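Worksheet: the structure to be examined is printed underneath.
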Amino acid sequence: MNRKHMRGIYTVEFAIVGLLMFTLLFGVLEMGRLYFTVNALDEAVRRGTRLAAVCNISDPVVLRRAIFNAATDAGTSQLIGNLATTNLTLTYLDVNGAQVANPADLVSVNGFRAIRYVRLSLQNFVFNLFIPGFGVPITLPAFRATLPRESLGRHSDSGEITPC
């Protein structure tokens, strides 16, 4: 074959190989983003549980800081686009692992005194792909962390509430 008849073949070869290479490149980037998001969500749940174990029960700052926001920022997470405090569920558990009905009740035996564990969970978080043509949302599995209670925002000697 002579050169005159082979002019467009390089363009066609590049289009085929380039499509495969760019698809592979975007796939690797998306897998990295997915891995980062899963680790950040796991850290958000762990961090929120730790804060809930040492901060006051009614403090809204706990969940805001759990999603990597400032204490005054009530919006979605600065780190993970569509993560908000509404995605998190904070529960206080008794010695048997049952949910404490009224954790803010300081007097009742079934209230504040019954709390032994703190659990934070995140469920049904949807991860959206950026790959063109593959806009399939992925629902991630539930994230959950449970820690033993600590001060719960109360100073042990005086019973005063300590700020977080």
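Computed from the coordinates by the stated procedures, all read-outs in this text should not be read as laboratory data. Just so we're clear, the structure is a prediction, and the values are computed from it rather than from any experiment. A quick note on method: Cβ atoms are made from the backbone with ideal geometry, for glycine too, and the neighbour counts reach across all protein chains shown.
With angles folded into 0 to 90 degrees, how steeply does helix 9-54 sit against the dominant principal axis of the chain? Use alpha carbons for both and round to 10. For 9-54 against the chain, the angle is about 0 degrees.
Whole angstrom only: what separates the Cα centroid of the stretch 72-147 from the Cα centroid of the stretch 14-45? If you average the Cα positions of each part, the centres end up 26 Å apart. Mean residue ellipticity, 222 nm, helices only, the chain: the sum of -39500 (n - 2.57) across DSSP H runs of n ≥ 4, divided by residue count and rounded to 500, is -11500 deg cm²/dmol.
For Asp105, the residues whose modelled amide H falls within less than 5 Å of its own, excluding neighbours fewer than 5 places apart on the same chain, are Phe112. Charged side chains reduced to their Cβ positions (Lys and Arg at +1, Asp and Glu at -1) give the stretch 3-148 a dipole of some 400 debye around its Cα centre.
Take the Cα of Ala104, step 7 Å toward its Cβ, do the same at Ala40, and the gap between the two points is 3.1 nm. Placing unit charges on the Cβ atoms of the charged side chains and taking the dipole of the stretch 52-164 about its Cα centre, the candidate lying farthest along the positive direction among Ala101, Phe127, Val61 is Phe127. Using R0 = 35 Å, the C-beta based FRET efficiency linking Arg149 and Arg33 works out to 0.50.
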